[in-house]
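This report concerns only the one structure given below.
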């Protein structure tokens with residue numbers, strides 16, 4: 001099973017930082033609010049990584065962790081990338097761009113899910129919508145974030161990675 005090379009993992013971490021910055025800027029979060037979110041990012045090389053079905057590119061999980069004070073818990077989120085699926089889709093789709101913008105696209109999408117599922121922005125919490133409606137909303141917001149502050153070549157990714165593909169590939 002394919003996995004990100006060390007150089008590609010470095011791109012993942014850079015892309016995560018950019019996705020965080022863009023998402024925080026879009027929602028106008030002050031730095032202290034963003035730091036309240038507790039999450040990590042896993043790729044296939046990480047020990048806690050769990051296999052995902054081939055079409056799934058990434059998954060966001062909400063976990064409840066016990067705090068330092070007995071009886072207290074907090075929400076913790078885990079973004080897991082599916083290296084083989086991402087690499088396969090990237091090479092198969094021939095985006096005409098480098099892997100980095102595709103990773104920023106995927107991670108921005110996951111960051112929007114994280115914001116919507118967390119308590120950081122109560123008015124953004126997902127209503128009792130269908131999963132497809134939620135995906136459409138997250139996809140729309142992700143595109144707004146990525147198109148609002150172009151610092152890289154994201155157009156080939158957005159134009160070829162349609163919502164239909166996104167729905168099929170993101171469970």
Once you have the Cα-Cα distance between residue 73 and residue 45, take 0.36 nm times their residue separation minus that, and quote the gain in nm to one decimal. 7.3 nm
Sorting check: for 75-86, 21-32, which peptide has the highest mean count of neighbouring beta carbons within 10 Å, and how do the rest follow? 75-86, 21-32
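Quick note: the coordinates plus some simple rules give every number you see, no bench work behind them. A quick note: this is a predicted structure, and the numbers were derived from the prediction, not measured. Note that we place each Cβ from the backbone using ideal geometry, even for glycine, and neighbour counts take in every protein chain shown.
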